[in-house]
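Structure record follows, encoded as structure tokens.
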Amino acid sequence: MDEIKLLAKEFKLREEHVKNIITLIDGGSTIPFIARYRKEMTGECDDQVLRALDERLTYVRNLDKRKTEVLSSIRDQEKLTPELEAAINEAATLAVVEDLYRPYKPKRRTRATIAREKGLAPLADAIFLQQKMDLASAAEKFINVEKGVLSSEDALAGAHDIIAEMISDSADARAELRDAFHRSSALTAKAAKEEDSVYRQYYDFSESYRTLPSHRILACNRGEKDGFLKVGMAMDAISAKAALRRRFVKNVSETGRFVGECADDADVTLLQPSLERELRRELTDRASEQAISVFASNLRQLLLVPPIKGKTVLAIDPGMRTGCKIAVIDPTGKLLKTSIFYPTPPYNKTAESEAILFSLLKQYKVDAIACGNGTASKESEIFLAGALKKFGDPGLGYMMVSEAGASVYSASKLAAAEFPDFDVSLRSAVSIGRRMQDPLAELVKIDPKAIGVGQYQHDLPAARLSEALDGVVEDCVNAVGVDVNTASKELLARISGLNAASAAAIVKYRDEHGSFASREELKKVPRMGEKTFELCAGFLRVPHGENMLDNTGIHPESYEGCRRLLKVLGCDVSTETGRLALPLMLKNVGEAAAAEKAGLGLPTMRDIVKELLKPGRDLRDELPPPMLRRDIMDMSDLQPGMKIMGTVRNVTDFGAFVDIGVHQDGLVHVSRGADRFIRHPSEVLKVGDVMEFRVLSVDVAKKRIGLTLKKEEKAK
């Protein structure tokens, strides 16, 4: 298979670009590096397209490898025909290859293999031809007491088993039935026990294979696993039976009728169960990929939530019996002070807690408060809202921060090494505060699967989920870039070309020799070979270094080209005035002409100009800042029709969950996400979005809040 032509066609790319991408990947280049610094070679493919192409390339290569293995196996059996070889070579999927290999694949002992061992294959072959024959007389010739064929009935039963398996193993028959079932089958679910549960909506459920959304597939799977549902596939058995008879029965002779009975048996006992398992597996795979895609998209948005820069934060890890743990953190993430108060039940020490809070707010000039959203968060938020009214600083607000994965960090070796004298709750408070200050820098310390912005994540294939989420983290970290003089080992390890060992080497060198003065100094770090430097240098920033370009996303390999470009344009970007003049000078010369004179590719030149305009820029600064609150509402305060600001917390296939300042998140169903039709909530909503919603319905008893973005929908 020509992988270049195939991938170029599938991804609608030029063959030369696909060839370059494959060469770069095979040469050890990372996806972030290729996406950012090899745009001319790839046709400006972004990281998501490159990852998809890389995954597809792996599949194609595995397919070719499997074809080679199958052909070798059939050839060794001396059963490979030119037609079969051509069919295997032309197969576009692993499923087709396995169908073609099925008749030749070594099997466990079946009734058919036992019949073959008894010497009944010739009888089966003769009957399968469906020529005129007296079956009883023909079968008598195969009676063999030593082999266990005691009568003509035994011989015919063995022949029946062989023919049924031959029909079941037919690649064409399986393909025909598979296509039919894809068109007409449905996933069904019934109650497995007389007991109410969260799965009650699936106690009498059926939906077409073609239209079934992923969240319902995964819900049925989990209900089956938990023992509440019996799940299966409803397939058109009558049509399947008729299709097999049309394909294999040649006439109405005695042998034709016998083959028809074998076809019916193959359909019921072999093909349908096998294809049902296959369809269930396809549905699960389809749903898993969709769920992983949603999780990855949500994680990307969460990691790119703008940091709260230059702010001192007071973080609270709420608790009941053990109290609320407090951590005050300076703008760089350094821990300044820890404390504890007990404003929640069973203690309710409100006055004492206010005194502790006010003292810390004043002493450390706190700019914002971060409160975890776990146990006792509602009670803590009520206390905070009341205390802030008394404190009287209108500029001071709080934000509820997701605790997902905070316990994973606080119990980790990393947290223990950073705060050996603190218990896990205090470490968790620090993590909550740092998440507010810089979500990306803090969340990279946690396994992304533990962050919890997906759906049915515990039911997804762990390895595939980890691969996808790790790719998202890598892309986000490299898109933002990191300060090489302050970044943690965990953050550095996510940089293109680096790993845990090389990141640790950078930190160790930094500790021993002081801050890096330039990117060039990175070459002195042990483990920093030429290739590693090439892959990581552009993503590592050196603020206040010797060279202004070291604090930009411009790669060192392009420094000379950058200087030539500035000479062509006659600009001095060391001053604000010179930077402001850059676009005008570029317009006067012309982009294409400037790039050519500087010896740069046009995409690279555009990236250089963007970086020069804002040295040290953080792409997250272009996004709306997180929303701080000063008050809390109760569900009973909500009224249908009310307009309210909210922050999107999670996006799923069926809708988005929104924090609107009530302890319970509101739900924007996919049908209410826009006045136009949308297929998925992610078309209009992203994790971290701050916008105005309208309350559609409030159910205090069931703790449900319905929200809408539609302008005309009537509130309930």
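Structural remarks
- Projected-area average for the range 357-439 over all orientations - Cα convex hull basis, square nanometres: 5.9
- Stretching residue 114 away from residue 44 to a fully extended chain increases their span by 19.2 nm, per 0.36 nm per residue minus the current alpha-carbon distance.
- Nearby lysines by direct alpha-carbon distance to residue 190 (threshold 24 angstrom, same-chain neighbours under 8 apart not counted): 225, 230
- Counted charge near residue 260, where neighbours are those whose Cβ lies closer than 13 Å (Asp, Glu -1; Lys, Arg +1): +1
- For the range 496-575, the Cα-based Rg and Dmax, in that order, read 13.9, 44 Å.
- The overall shape of the range 595-646, judged from the alpha-carbon gyration tensor, is prolate: a/c is not under 1.5, and a/b is greater than b/c.
- Viscosity 1.567 mPa s, 4 °C: Kirkwood-radius Stokes-Einstein D of the range 620-665 over Cα pairs, µm²/s: 105
- Rg [Å, one decimal], Dmax [Å, integer] - the range 283-441, C-alpha atoms: 16.8, 58
- Order by protection proxy (mean Cβ within 10 Å, highest first), peptides 92-104, 194-206: 92-104, 194-206
- Annotation: lysines with alpha-carbon distance below 23 angstrom to residue 19 (same-chain offsets under eight excluded): 5, 9, 39, 65, 67, 531.
- Taking all Cα pairs closer than 8 Å and separated by 6 or more residues, the relative contact order of the chain comes to 10 percent.
- To the nearest ten degrees, helix 377-391 and the longest principal axis of the Cα atoms of the chain are 20 degrees apart.
- Carbon/sulfur fraction of accessible area - the chain, other protein chains in place, 1.4 Å, %: 52
- Computed from Cα atoms, the angle from the helix 272-303 axis to the main principal axis of the chain rounds to 10 degrees.
- Lysines whose Cα lies under 19 Å from that of residue 449, excluding same-chain neighbours fewer than 8 positions away: 413, 686
- When each of 105/241; 643/703; 334/365 is checked by Cα-Cα distance, pairs over 22 Å: 105/241
- Convex hull volume per residue for the range 110-158, taking Cα atoms only, in Å³: 60
- Full-extension gain in nm, residue 634 to residue 236, via 0.36 nm per residue minus C-alpha separation: 138.1 nm
- On Cα atoms only, tilt of 424-437 relative to the major axis of the chain in degrees: 80
- Rounded accessible area per residue of the chain, 1.4 Å, Å²: 48
- Largest first, the extents of the alpha carbon coordinates of the chain on the three principal axes equal 104, 69, 54 Å.
- Peptides 594-602, 250-258 ranked from most to least packed by the mean count of surrounding Cβ atoms within 10 Å: 594-602, 250-258.
The values are calculated or read from the model by the stated rules, or taken from the named source; none is laboratory data. Computed from a prediction, not measured in an experiment: that's the story for all the values here. Reconstructed Cβ throughout: ideal geometry from the backbone, glycine too, with neighbour counts over all protein chains shown. In case anyone asks, the SASA skips ligands and DNA or RNA and just uses the protein heavy atoms, side chains included. Shrake-Rupley method; radii C 1.70, N 1.55, O 1.52, S 1.80 Å.
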